[in-house]
Structures are given as C-alpha cells and as structure tokens.
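Report on the following structure.
The values are calculated or read from the model by the stated rules, or taken from the named source; none is laboratory data. Here the structure is a predicted model, which is why all the values come from computation and not from measurement. Cβ placement follows ideal geometry from the backbone for every residue including glycine, while neighbour counts extend to all protein chains displayed.
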Amino acid sequence: MIEARELSVSLGGRTILGPLSGELGAGVLLVAGPAQCGKTTLLKALCALVRPSAGSVTVDGVDLASSPEAAQKARSLLGMVFQNDALFDSLDATANVALPLLRRGVARPEALERAREALAQVGLAGHEQALPERLSGGMRKRLGLARAIVARPRYLLADDPFAGLDPGTVARMRDLLVGMWGGKGGLIMALADPAPMWEVCTEALILDGGKVAARGEPRQVRGEARVASLFGEAAA
C-alpha cells in the first residue's frame, strides 16, 4: 500500500501541493486537474523524486524519508512512466528497457532477456533494435512503459501518458495499463484530461491549485459541479 499522511511540498517558500492524505492498495487511482495543479509533483513525491516539506509517504509500511536505504527499497516497488518518455536516443529499444535492471546489478544476459519480454508485453516485439527516433509517438510511450515495468514493480505511476496521442492509441494504452496493473497491484494515473479514465478507475482525486478539489468514487466525483467546471463538462 502507498500511503500519504498530511503530505505537502513547497517551492521557494510557497506550498505547491497539499496538505493531503490518502492511500492506494490494489486498484486504479485517477489523479486529474488543470496545468500546474500538482499532479506531477504528487507522483514525484510518492516515489521519492521530490522531498516533501511536511508529512510522510510510506510504501508497504516503509517510510521514504527514514533513510536512503529505505527510500531505495521502497522505490524498488514502484515503476514510473514519465510524460516526456525520458528515453536515451542513442540506445535501441532493448537497451533502453534493460538499463534499470543493469543499474540494479542484474546480469546483462538476464537483463536483456527480461527487456525483450517487457517489449513483447507492450506490443513492441519485432522492434527490439529500433532507436527511439524511429518509433512513432505511441510506440515511444509503450517503450517508456516497458522500461517502467521491466523490474516488475508492485505499483505503477504514470504521468500524463496519453499526452499527444490520438484517441485510438489512448484507448489501447489505457487498456494495456489497466489490464496489467489494475488488478494485481496499484496504478496511479495523472492526467490533465480525465475523460479516458472515468469508466475504468476505482477512485478519483481531483487537484486544483495544489489542493484537493474532490475525491471519492468516480461517478460521484465526476458529477460535482466544481469538477465539471474544471474540465468543461456538464455535471452529471
């Protein structure tokens, strides 16, 4: 379980997120809100890429701030899909995916084999030797996903993974993510536009100005007038 307790993040003396509390075990948590609402900051705080100014984050009972060793142990349970792909253009698809395993000391033959397996899982079999620049936007997104899952994390955090994709690719990416992580672990999806996830998430958290605007069962949250106004929808 990922748990945040009175979590806040400040930058330059200004609070940009929180305080907020909550937890995620199995299931799909949708985190949505307009630009600069704190979505990316929240995901980074949950995986120890940003240090909270107050409060705490625990992953399966391990406090991320207790020690560097604890943070490393907790991060091993987490996979992160970055909005900008963060791929190495000089490495082919297999090498990009294998890199996290090699950095953890996994033997190269095993790392490459697991990388090929992850590529197959996301539908990139046959593209193992392709450089990122040779891949379409949707394929690059799937390559980033393969890298996030190759270490077999318990929880997957995805930062606006649908940005710039056409509706058909969005649907395929959504079904892939929910199918792989929605039942066996925990999936947190941070989106500027929540529309693709309303029907498949198990809980929704809406942020506005770094604060919680709404939280709860998706149908209920979607029907709130404030939420509808944030996303240009009619309240249900």
* Structure fact -> Turns out the strands (runs of 3 or more DSSP E) fully within region 152-236 with at least 3 residues that are more than 17 Å from Pro34 (Cβ to Cβ) are 155-159, 186-191
* Asked: Of the residues Ala151, Ala146, Ala163, Ala171, which single one is surrounded by fewer than 17 Cβ atoms within 10 Å (Cβ to Cβ), in contact with a helix residue (DSSP H, G or I) (Cβ under 8 Å, 6 or more places away or on another chain) and within 30 Å of Ala120 (Cα to Cα)?
  -> Ala171
* Asked: Are any residues in region 49-76 among the hydrophobic types (A, V, I, L, M, F, W, C) and either modelled with pLDDT under 90 or over 24 Å from Gly105 (Cα atoms) (or both), and if so, which ones?
  -> Leu49, Val50, Ala54, Val57, Val62, Leu64, Ala65, Ala70, Ala71, Ala74
* Asked: Restricting attention to region 30-41, which residues are among the aliphatic types (A, V, I, L, M) and modelled with pLDDT under 95?
  -> Ala35
* Could you say whether any residue in region 192-211 is farther than 13 Å from Leu29 by Cα and of a type in the set (S, T, N, Q)? -> no
* To do: Of the numbered conditions (1) among the small types (Gly, Ala, Ser); (2) under 18 Å from the mean Cα position of the chain (by Cα); (3) surrounded by fewer than 16 Cβ atoms within 10 Å (Cβ to Cβ), Ala190 fails exactly one; give the number of that condition.
  => (3)
* Asked: Quick one: what pairs do we get from region 57-73, first residue touching a residue at least 40 places away in the same chain (Cβ under 8 Å), second aromatic (Phe, Trp, Tyr), C-beta under 8 Å, 6+ apart or different chains?
  -> Val59/Tyr155
* Using beta carbons and a limit of 8 Å, which pairs, at least six apart or on different chains, have the first residue in region 100-114 and under 16 Å from Phe88 (Cβ atoms) and surrounded by 12 or more Cβ atoms within 10 Å (Cβ to Cβ) and the second one modelled with pLDDT of 95 or more and among the polar types (S, T, N, Q)? -> Leu112/Thr94
* Would you be able to say whether some residue in region 79-94 is in contact (Cβ under 8 Å) with a residue 12 or more places away in the chain, out of contact with any strand residue (DSSP E or B) (no Cβ under 9 Å at 6 or more places or on another chain) and assigned to a helix (DSSP H, G or I)? => yes
* Within region 59-73, is even one residue touching a Pro at 6+ places or on another chain (Cβ under 6 Å) and assigned by TED's automatic domain parsing to the domain that holds Ile16? -> no
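Can you tell me which residue is nearest to Lys73 (Cα to Cα) among those in region 42-61 that are in a helix (DSSP H, G or I) and not charged (D, E, K, R)?
Out of the qualifying residues, it is Leu46.
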* Structure fact -> Of the residues in region 115-144, those that are more than 18 Å from Leu176 (Cα to Cα) and either assigned to a helix (DSSP H, G or I) or in contact (Cβ under 8 Å) with a residue 40 or more places away in the chain (or both) number 5
